[in-house]
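First the structure, in the form of structure tokens, and then the observations on it.
No lab work stands behind these numbers, since they all come straight from the coordinates. This is a predicted model, so every value here is computed, not measured. Virtual Cβ from ideal backbone geometry, glycine too; neighbours counted across all protein chains shown.
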Amino acid sequence: MKISIIVPIYNVESYLKRCLDSLINQTYSNIEIILINDGSTDLSNSLIKRKMKRDSRITLIEHENKGTYLSRLEGYKKARGKYLMYVDSDDYIDRHLLENLLQVGSY
């Protein structure tokens, strides 16, 4: 079962690497990571593009600044997973989170 993870991004270059690494390194790997660059003016976009070269599960959507809600909505429209998860770009998740959630949901 694929899980779609949507991350709106706006000027978070100092947090973004930790966030993306926490998603990329999940023990459950059937995921798509949808990143929405909401008009960032810092180096967030170059970090994203470097990560995309190393991981084909990452998709980037770029648009002018519209805010978190509309960015999440764009990610939702692109998502193809059975389950959907939103992660803020200045957060990170435990590497077992998705695997544990699926195990709990199967009981």
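For segment 11-69, the dipole from Cβ point charges (+1 on Lys and Arg, -1 on Asp and Glu) about the Cα centre works out to 280 debye, to the nearest 20.
Per 0.36 nm of contour for each residue apart, how much would the distance between Arg50 and Thr68 grow if the chain were fully extended, relative to their Cα-Cα spacing?
Full extension of this stretch gives 4.2 nm more.
What is the extension gain from Lys82 to Asn100, computed as 0.36 nm multiplied by their sequence separation minus the C-alpha to C-alpha distance, in nm to one decimal?
My answer for the length gained is 4.9 nm.
The lysines whose alpha-carbon is closer than 21 Å to the alpha-carbon of Lys78, local same-chain residues fewer than 8 away aside, are Lys2, Lys49, Lys51, Lys53, Lys66.
Remark: relative contact order (the chain) = 44 percent; criterion is Cα-Cα distance under 8 angstrom and separation of 6 or more residues. Taking the longest Cα principal axis of the chain as reference, the axis of helix 13-24 is set at about 30 degrees. A cut-off under 12 angstrom between Cβ atoms defines the neighbours of Met85, and their net charge, with Lys, Arg +1 and Asp, Glu -1, is 0. Across every direction, the projection of the convex hull enclosing the Cα atoms of the chain has a mean area of 6.1 nm².
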